[in-house]
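To start, I am sharing the structure in question, which I have written as structure tokens.
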Amino acid sequence: MLLLSESHAFVQGRKDWVVLNLDSGRPLSVQEDVLRHVGEVLEAAGVVCDAVALPSCYAARRRQNVLDLLLCGKRRGVILTIDAEMGGGPAHEDNDVYGAFKEDVSRLGEESDGKPLDVSARQLGMKVERVIAYDVPPRGVYYHHPFLLLDQGEQIAVYNFGSLQLVQTLPVKAPYGVCAAINVTSATVVDPYDSAPQFWDDQPPTLYTVAPPFEVQSFQMLSIAQQVAASMGNRRLEDAVALCKLCPEESPLSDADQRKLYSDYGFELFRSGRRKEAMSFFFESAIDVMDVLLLFPRNLLPRKASALHKDNSNNDKDHALEGDELVENLLALIGFLRRKRNAFLHRDDNSSTMGFRFRHTFGSSDESALELIDTMLVKCLVVVAEKAEYEERAKRALLEVVTGQNWCEISEAEVFLRAHRHFKALLAFYSARKLHRKALELLEDLERSAASAATLDEKTENGGMEPQSTGDLQSSYDYMVLIAQYLRVLGKKHAELVFEFSRRVLLVNPTLGLSIFTQRELPNTKQDIDPAAILQHLKSCSIAASSDGVNDVETPESEGAEESAKPILPLTSSQMLAIEYLTQVIYEGSCQLTPRLHDEVVYLLLDSIQAKTPQKQRLTSRVESQRGMTGLLRHKLLEFLEFPAAAYHPERMLSRTPTEMVDEHAALLSKLGRHREVLQLYALELKDAALAEAYCNRCYESKTADSSIYSTLLTIYLRPPFTAGGQAGGSTSPSVGSPQQASALWNRSGRSASLSGLQSEAVNAAINVLNKYAERIDVSTALELLPADVAAAPLAGFFRRVLERQVERFRNGQVKKQLSKMENFKVREQLSTKRKGSVTVWSSQRCQSCGKTLGTGTFVRLPNGTLLHYSCQPVP
């Protein structure tokens, strides 16, 4: 039995072994691959020649007092360690041994430094750490820091514990025992006359052996400095590195020399194919990135590194990297470059204060190193992405590099990305580096190429030939969408770019092009383009005759159509683009436009109506009866005139609007608050009683007018204005919007006038209004307007509702009166109850306000029981 930690012990039986958790009594799990590996070492016999608990080669484990386990077979030994079992993650994560695609870059290389054992892990198991090979099975194993001693009967083999390489053999035959003494005191007395003699502790670590018949030998270990020097002189770099790591305090090398040793060992590992370990030592040695890059093919290196490639002594000219071997080396290089990049970016994090995050700024040398690292990262990821196994992860990692803050050499990165057709990454790179013109030129070139490829495919299909492959090109429309999305986020600073590159989108797809200016995606911190400049740009744009996205002319056929359905103009001209832009921006309220631009909408629509109306066709009074493009434009104009947030000047528009457009005139007069003239248009000009009533209801419910608007409508019906010809209403009425002199057909004594003087339709319309809206019409005004000889029967509903309303008011008044009386009685009762209460005041009681005694003077008692002097009571 061997104790491996405070909670774990190794137990060996005759044919089996197990590691127990002493706290729970359960054995640690051992994976099948570990059992298979141990079985191969023990040569399937299951017999363990010797089992030894060894200190871990990692400092973190040694500080925890967690030991490793060495199981020795006939030809080999295996070192097992306790570790947390890893959950079964995605398969592609298991083969990322170099950390090329790991999200947490800070943990790369953690396995080389060692990590403490997580004793709180749910599942602990045994893991194969290292394997040691030897020729003779050992009789016993002893640990003598930093060496491992194997008793092989005829000799004692000394192995470097870090590299597990044979260092020396001691000629000791069949020793009885071996004792390793680390601190040995000499017989040299410091002060012979001292009462308590002290001895020098100056002897090196010593090994004592006892062999038959009775031979005691001592072997003194050379100093670590001598051994490191000897290992380096013999080019046993692995032993030298192991000694430096195992005995850091005794290492004779300076920091610079040790870094040089690590870098030389890294080159040796790289040449032997141990890429992962090589990159770890490159990182620890703080080697110049350029020295590592020179190990790779010249065509991958930056231009300034290509000249140094020929003079690199570490470059193996006889062995060229290619194929899968090149990909594996590039994966290891990516892991190294990511660690170096992370070290640069987080070098000053410990000195930052108050948790603020700043954009990293570096000196010229640091920026030069970062430029080299990022440029090579892009190149390596592009090459690795060509292998199907790593394509998805490499492309994702490539986007992460080019999207964030990066220091890539612009010309070199863009040439490499374009040559390998990584257009998505190239576009992200341009966007991150604020190279907006290059990004837009790239998208425009791709769009033209896609359009040409689509045209070529159509020709080959018609000719019976097979279409050619277009690679990873998207459709022309997809690139148009990308251009539009890119332009939406550019503000006033790049207005010229927006105008320049939006012309082609507007030419080919006006609807998509218009969305560039109506669906802005700028953050609040950026200033957007001036709408007046956008309007001038849209007016100057041309549209192809057969543009995609041009809407057909649709005119609502009846009022039953949905009110929410807004008329959409076909974008066939720059004038239509300007109208749609202004109306959409005004309706959505995304930005505040000046009243001048609101007036511009009306002017553009009126000009379009005039231009689209044939000479032989006249404008109708009602919008709904107008057909064709003119009708659609009039619908658009009327909708805008009635929009509550429209800020145009209606008095200016009246003079520009043709008199035949009655609906538009009515909307303008309503905006000015001239409701009487609107009602005259509806009731007398159009003779549409339902439309006049609907207008009254709309104004009353929206509170733009009070109930007197119904009396105004009655006045128009029963006292219509007269024209010069003496006729009321009709087509000879004065022009709409001009002042009218109204004179009643009857005077105050006109109640005796004959009903034949009035048009029966007007009287019927007035009676209909009275019966429908009796509660909104003043009774005295209505009776005064009605002619004396009007029949009472049609007005029965009006009088009934008036009387019912009067009775309802009277009864409501009575109920309120009785309720007030009851409330008055209740308050009086409460007052009487309060007055009946008594208060006892003692001579010792004091005023709660001033603190003086109350005495026999007048006092006040508040509702909460507080007693105050009369003069101290709070002012109500």
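Confirm whether VAL216 is within 30 Å of LEU150 (Cβ to Cβ), among the aliphatic types (A, V, I, L, M) and modelled with pLDDT under 90.
yes
A further question on this structure: In this structure, does VAL167 turn out to be assigned by TED's automatic domain parsing to the domain that holds HIS37, β-branched (Val, Ile, Thr) and at pLDDT 90 or above?
Yes, satisfied.
Let me ask something additional. Whether any residue in the range 800-820 is aromatic (Phe, Trp, Tyr), farther than 30 Å from ALA689 by Cβ and assigned by TED's automatic domain parsing to the domain that holds PRO874 is what I want to check.
no
Kindly state which helices (runs of 4 or more DSSP H) lie completely within the range 756-837 and contain at least 1 residues that are modelled with pLDDT under 85 and more than 60 Å from the chain's Cα centre (by Cα).
The qualifying helices (runs of 4 or more DSSP H) are 760-772, 796-836.
Starting from residues that are assigned to a helix (DSSP H, G or I) and modelled with pLDDT under 80, keep the ones in the range 321-357 and report whichever is surrounded by the most Cβ atoms within 10 Å (Cβ to Cβ).
ASP349
Conditions (1) closer than 19 Å to VAL327 by Cβ; (2) within 25 Å of the chain's Cα centre (by Cα); (3) hydrophobic (A, V, I, L, M, F, W, C), marked per residue:
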residue: ALA369; (1), (2), (3): no, no, yes
residue: VAL378; (1), (2), (3): yes, yes, yes
residue: VAL383; (1), (2), (3): yes, no, yes
residue: LYS387; (1), (2), (3): yes, no, no
residue: TYR390; (1), (2), (3): yes, no, no
residue: LEU398; (1), (2), (3): yes, yes, yes
residue: VAL402; (1), (2), (3): no, yes, yes
residue: ASN406; (1), (2), (3): no, yes, no
residue: LEU417; (1), (2), (3): yes, no, yes
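Name the residues in the range 680-694 that are closer than 12 Å to VAL769 by Cβ and in contact (Cβ under 8 Å) with a residue 12 or more places away in the chain, would you?
Within the range 680-694, ALA683, ALA689, ALA692, GLU693 qualify.
Is it true that some residue in the range 663-672 is surrounded by fewer than 17 Cβ atoms within 10 Å (Cβ to Cβ) and assigned by TED's automatic domain parsing to the domain that holds ILE716?
yes
Yes or no, residue by residue, for (1) modelled with pLDDT under 95; (2) surrounded by 17 or more Cβ atoms within 10 Å (Cβ to Cβ):
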residue	(1), (2)
LEU381	no, yes
GLU386	yes, no
GLU389	yes, no
GLU392	yes, no
TRP407	yes, yes
LEU426	no, yes
TYR430	no, yes
LEU440	no, yes
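Return the total of residues in the range 46-56 being touching a strand residue (DSSP E or B) at 6+ places or on another chain (Cβ under 8 Å) and either of a type in the set (Ser, Thr, Tyr) or modelled with pLDDT under 85 (or both).
The qualifying residues number 4.
Going by the structure shown, is GLU6 in a loop (DSSP other than H, G, I, E, B) and touching a Lys or Arg at 6+ places or on another chain (Cβ under 7 Å)?
no
Regarding the range 28-50, can at least one residue be identified that is within 30 Å of CYS244 (Cα to Cα) and assigned to a loop (DSSP other than H, G, I, E, B)?
Within the range 28-50 (the criterion being within 30 Å of CYS244 (Cα to Cα) and assigned to a loop (DSSP other than H, G, I, E, B)), the answer is no, since none of the residues qualifies.
Please identify the pairs in which a residue from the range 792-820 that is under 26 Å from ASN764 (Cβ atoms) has its Cβ atom under 6 Å from the Cβ atom of a residue that is among the small types (Gly, Ala, Ser) and at pLDDT 85 or above, counting only partners at least 6 apart or on another chain.
PHE798/ALA774; ARG801/ALA774; VAL802/ALA774
Let me ask something else. Output the number of the condition that LYS566 fails; it satisfies all remaining conditions of (1) more than 42 Å from the chain's Cα centre (by Cα); (2) basic (Lys, Arg); (3) at pLDDT below 90.
(1)
Return yes or no: is GLU43 acidic (Asp, Glu) and at pLDDT 85 or above?
Answer is no for this residue.
Quick check on ARG61: is it assigned by TED's automatic domain parsing to the domain that holds PRO116 and within 24 Å of PRO146 (Cα to Cα)?
So ARG61 passes the test.
The values are calculated or read from the model by the stated rules, or taken from the named source; none is laboratory data. Every value quoted in this text rests on a predicted model; they were computed, and no experiment measured them. As a convention, Cβ positions derive from the backbone with ideal geometry for all residues, glycine included, and neighbour counts pool all protein chains shown.
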